[in-house]
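Chemist: Here it is, the structure in full.
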Amino acid sequence: MATSYDPVALAAAVALIGILTYACRLSFIALFGRLDEIPPGVERLLRFVPAAVLAALVLPSFVTLDAAAFAPDKFIAGALAAGVAWKTEDVFATMATGMGVLWAVRLLF
Amino acid sequence: MDTSAFRRGARDAVPLLLGIVPFGLVAGIAAVNAGFGLPTAVGLSVVVFAGASQIAALELLRQDTPLSVVVATAVVINLRYLMYSASIAPYFREFTARWKAALAYVLTDQAYALSVASYRSDRPVDRKWYYLGAAVTLWAVWQVTTVAGALLGTGVPDAWGLEFAIPLVFLAILVPAIEDRASAVAAVVGGALAVLGAGLPLNLGLLVGSAVGIAAGVVTERFPEGSDGD
């Protein structure tokens, strides 16, 4: 399934993400001297962004509450890959485990 | 140009490429899955140049999520650059505005981590050229692997389930982000709410899960274990 947005809308979205991302990168580098530190309240929020957002992105790919759509192969592969990620913190090992288990489960059952 | 500092930065970035290469391939595959042609896929990699947000945006676009949600999700993922920017800013103080603008474009997790570690060590290094050596190497490898992934992605049969590599990449960067009890709470709450809200329109499960997860992390940190939370 591919996106049904037209190229102009896609280009606009890409440009907007690019501009806002660049603004984050440039922010304090450009403003140093006038604004030297992130306000502590904002920094406390920012600290939890990776854990909360990534978990919200990842978990629905492995688990679903919709019994009809539940995919045991993805659940098993995701759980084992999570274990490997925990032990090794290695991107390559995590991906190899996840894809390997997914293919093994699909071949065997 | 200080070529020895540039080369040292590039050399220090090499071990990190093992993590970048599969990530870049997945970004290319995700672009093909979303229906992007090669020029658009390369455009995204050059304009945004931030892997996790690129892959998240492509995955949401593939599902025809409203563009406002796509942009919001990608930008929230990239808010961490504010922290890197603040942390590295003192080391870039003496450079011209034009150099600062250029250096900021190639600021990534890896370039930040390598450079700040090197600036804080006892070995003297030319800051600008060491940073550029690492950052430009990472940039070039990211662009090449994205293109390779986009070319590869079109040739692989659907039965291989290659799109499953996308959540696996996120999983691999999620686990190191869980560094204490408060960030674990943020992840569990964010993930659980996203699963509960998976059927909601506008991909609301993702946004609500992320927002409540962040709030849960902040609250957990404020009331440490053993405190009665008065």
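Chemist: Suppose we filter B:Pro90, B:Pro15, B:Pro22 for residues that are assigned to a helix (DSSP H, G or I), more than 9 Å from chain A (Cβ to nearest Cβ) and more than 24 Å from B:Ile214 (Cβ to Cβ); which single one remains?
Modeler: B:Pro15
Chemist: All but one of (1) open to solvent by 70 Å² or more (accessible area, probe 1.4 Å); (2) more than 7 Å from every other protein chain (Cβ to nearest Cβ); (3) not β-branched (Val, Ile, Thr) hold for A:Leu45, so report the exception by its number.
Modeler: With respect to (1) open to solvent by 70 Å² or more (accessible area, probe 1.4 Å); (2) more than 7 Å from every other protein chain (Cβ to nearest Cβ); (3) not β-branched (Val, Ile, Thr), A:Leu45 is out only on (2).
Chemist: Within the bounds of segment B:181-193, is there any residue that is open to solvent by 60 Å² or more (accessible area, probe 1.4 Å), more than 7 Å from chain A (Cβ to nearest Cβ) and either more than 19 Å from A:Gly78 (Cβ to Cβ) or in contact with a His (Cβ under 7 Å, 6 or more places away or on another chain) (or both)?
Modeler: Within segment B:181-193, one or more residues are open to solvent by 60 Å² or more (accessible area, probe 1.4 Å), more than 7 Å from chain A (Cβ to nearest Cβ) and either more than 19 Å from A:Gly78 (Cβ to Cβ) or in contact with a His (Cβ under 7 Å, 6 or more places away or on another chain) (or both).
Chemist: Restricting attention to segment B:35-47, which residues are within 8 Å of another protein chain (Cβ to nearest Cβ) and buried (at least 24 other Cβ atoms within 10 Å of the Cβ)? Spell out the reasoning first.
Modeler: Taking segment B:35-47 as the starting set, the residues that turn out to be within 8 Å of another protein chain (Cβ to nearest Cβ) are B:35-36, B:40, B:43-44, B:47.
Within segment B:35-47, B:Phe36, B:Leu44 meet the criteria.
Chemist: Here is a list: A:Ala23, A:Ala15, A:Ala11, A:Ala30. Which entry is more than 7 Å from every other protein chain (Cβ to nearest Cβ), free of Cβ contacts under 8 Å to residues at least 60 places away in the same chain, farther than 30 Å from B:Val185 by Cα and open to solvent by less than 70 Å² (accessible area, probe 1.4 Å)?
Modeler: Working: A:Ala23 fails: farther than 30 Å from B:Val185 by Cα; A:Ala15 fails: more than 7 Å from every other protein chain (Cβ to nearest Cβ); A:Ala30 fails: more than 7 Å from every other protein chain (Cβ to nearest Cβ).
Being more than 7 Å from every other protein chain (Cβ to nearest Cβ), free of Cβ contacts under 8 Å to residues at least 60 places away in the same chain, farther than 30 Å from B:Val185 by Cα and open to solvent by less than 70 Å² (accessible area, probe 1.4 Å) holds for just one of A:Ala23, A:Ala15, A:Ala11, A:Ala30, which is A:Ala11.
Chemist: Further question: Taking B:Ser115 as the residue in question, decide whether it is open to solvent by less than 40 Å² (accessible area, probe 1.4 Å), modelled with pLDDT under 90 and out of contact with any Ser or Thr (no Cβ under 7 Å at 6 or more places or on another chain).
Modeler: On the way: open to solvent by less than 40 Å² (accessible area, probe 1.4 Å): yes; modelled with pLDDT under 90: no; out of contact with any Ser or Thr (no Cβ under 7 Å at 6 or more places or on another chain): yes.
When the stated conditions are applied, B:Ser115 does not pass them.
The values are calculated or read from the model by the stated rules, or taken from the named source; none is laboratory data. In this text, all values refer to a predicted model and were calculated from it rather than measured experimentally. So basically every Cβ, Gly included, is an ideal-geometry build from the backbone, and we count neighbours across all protein chains shown. Protein only, heavy atoms only, side chains kept; ligands, DNA and RNA dropped before computing areas. Shrake-Rupley method; radii C 1.70, N 1.55, O 1.52, S 1.80 Å.
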